Amino acid sequence: MHRRGPDAAGTGDVAALCRAVDGLPLALELAAARLDVETIGALIEDLPSLFDRLEGSAVAAEPSGALLPLRWNLSRLSDGELDLFRRLGVFAGPFSREMALGVAAERDAASQALDRLVRTSVVVRDAAAPDRYRLLSPAREVARSDTGDVDRAALRALHARLMLERAERFGPMLRTAAEGTGVDALRADFVDHQQAFELFLEHEALAEAARLVVALFEFAMFQPRPELFRWSAALAERIDDGAPHAAEVFGAAAMGAWFSGDTDQAVARGTRAITVASRHGGSTIWARTALLDALGYADRLAEAEAQFLALVREARESPEPYWHVHALALEAVGLVTIGHAHTAEASAERALVEARRLGNPDGVYWAS
């Protein structure tokens with residue numbers, strides 16, 4: 001429905017409201033959100049009593065006039081709505097409804113509480129993704145400052161676990177027909193994944209940090225996100241050879257070294273990954289890919305050929321169709337290189353057929 005502009009009297013009220021909130025854009029935006037339930041005159045009349053109610057309260061700690069409408073809106077929330085608001089301050093970027101419910105104390109009531117926060121503009125819809133929400137920076141700062149140290153630590157830990165779960169759900173989609181869905185989710189969540197990784201590393205939760213790197217690494221390879229190379233390198237300095245996912249972490253660090261131009265480090269980390277995998281298990285696909293590139297660049301062709309054959313074999317034996325497609329495509333490249341064009345064509349055609357059956361866009365592109 002089209003909202004009619006103010007008449008002459010209403011214009012005076014608008015001017016008075018602007019003066020009351022110091023003309024600040026954020027303050028006006030938050031105050032305007034109340035117009036669906038109150039008149040401008042009522043908004044202005046309520047300001048003094050609002051300030052009286054807020055004096056000495058936690059949300060009134062900041063002196064900036066820009067926060068007055070936010071404090072006003074917060075003063076009207078229920079205890080449960082306020083609790084959810086404070087919890088949403090843990091997110092560094094935009095969040096979905098599912099993510100908001102994931103950090104809520106009472107999940108059943110949280111969906112309605114989130115709707116209330118949106119209606120009062122305490123939470124806003126993200127302009128880039130209508131199905132996502134965010135706290136504006138001042139609101140986020142208030143939410144975080146109003147959370148005690150003990151509660152904040154527990155909330156950060158809950159957030160990190162939530163982000164790890166999301167990474168392990170959406171990361172594998174990059175090897176399926178749902179690749180686009182996975183990429184969109186990981187891209188939107190990335191700043192919060194970074195926050196989770198930093199927490200894991202800060203608390204020496206290396207197993208969780210390794211799981212996060214493994215879940216996100218293919219996303220980082222193809223988007224690209226060089227931050228993951230730094231994460232894997234930092235983790236490779238701390239993780240034990242026998243730890244879960246150690247081979248994959250060293251392989252990811254080898255790929256990072258190769259892309260940064262450090263051939264020697266790529267070979268060293270890739271070799272270590274293969275040794276770890278032989279003793280403790282794990283995939284060497286990333287490690288052998290880095291070694292193939294680095295050894296070839298260093299003109300160590302016999303060693304590069306050995307890594308190529310091992311890479312094709314491991315990919316072919318993988319239970320995942322995605323890696324089987326890659327094995328066939330690599331096989332075709334190798335056959336062309338040694339002059340077996342006819343056999344190479346057959347491998348390439350099989351790769352394309354399997355890629356189309358899988359429906360993975362990256363697999364189809366690679367096979368083509």
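The values are calculated or read from the model by the stated rules, or taken from the named source; none is laboratory data. Owing to the predicted nature of the structure, the values given are computational and were not obtained by experimental measurement. Quick reminder, even Gly has a Cβ in these numbers, built from the backbone with ideal geometry, and neighbours come from all protein chains shown. Calculation scope for accessible area: heavy atoms of the full protein, side chains included, ligands and nucleic acids excluded. Shrake-Rupley method; radii C 1.70, N 1.55, O 1.52, S 1.80 Å.
The table below gives the values:
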read-out	value
Out of LEU358, LEU309, sole residue that is modelled with pLDDT of 85 or more and under 20 Å from ARG175 (Cα atoms)	LEU358
Selection within region 86-121 - at pLDDT below 90, open to solvent by less than 20 Å² (accessible area, probe 1.4 Å) and under 18 Å from LEU155 (Cβ atoms)	none
Pair list, Cβ under 7 Å, 6 or more apart: region 218-244 residue farther than 24 Å from PRO361 by Cα, other residue at pLDDT 95 or above and β-branched (Val, Ile, Thr)	TRP231/VAL213; SER232/VAL213; SER232/VAL249; LEU235/VAL213; LEU235/VAL249; ALA236/VAL249; ILE239/VAL249; ASP241/VAL276
Test: residue in region 169-182 that is of a type in the set (Asp, Glu), touching a residue at least 40 places away in the same chain (Cβ under 8 Å), farther than 22 Å from ALA243 by Cα and in contact with a Pro (Cβ under 7 Å, 6 or more places away or on another chain)	yes
Failed item in (1) crowded, with 21+ Cβ neighbours inside 10 Å; (2) not in a loop (DSSP other than H, G, I, E, B), with ILE239 passing the rest	(2)
TRP258 being in contact with a helix residue (DSSP H, G or I) (Cβ under 7 Å, 6 or more places away or on another chain), open to solvent by 40 Å² or more (accessible area, probe 1.4 Å) and among the aromatic types (Phe, Trp, Tyr)	yes
Which numbered condition VAL267 fails, given (1) hydrophobic (A, V, I, L, M, F, W, C); (2) in contact with a Phe, Trp or Tyr (Cβ under 8 Å, 6 or more places away or on another chain); (3) closer than 21 Å to ARG313 by Cβ	(2)
Residues of region 318-361 classified as within 19 Å of GLU179 (Cβ to Cβ) and of a type in the set (Lys, Arg), total	2
Checklist (1) surrounded by 23 or more Cβ atoms within 10 Å (Cβ to Cβ); (2) within 24 Å of ALA196 (Cβ to Cβ) applied to ALA234, failing item	(1)
ALA143, sole failed condition from (1) within 16 Å of ALA92 (Cα to Cα); (2) open to solvent by 10 Å² or more (accessible area, probe 1.4 Å); (3) out of contact with any strand residue (DSSP E or B) (no Cβ under 8 Å at 6 or more places or on another chain)	(2)
Residues within region 193-211 that are within 13 Å of the chain's Cα centre (by Cα) and surrounded by 22 or more Cβ atoms within 10 Å (Cβ to Cβ), tallied	3
Members of region 278-302 found to be closer than 16 Å to ALA254 by Cα, of a type outside the set (Gly, Ala, Ser) and free of Cβ contacts under 8 Å to residues at least 60 places away in the same chain, listed by number	THR284, ILE285, ARG288, THR289, LEU291, LEU292, ASP293, LEU295, TYR297
Entirely in region 84-167, the helices (runs of 4 or more DSSP H) that have 3 or more residues that are among the hydrophobic types (A, V, I, L, M, F, W, C) and farther than 14 Å from ASP192 by Cβ	107-119, 137-145
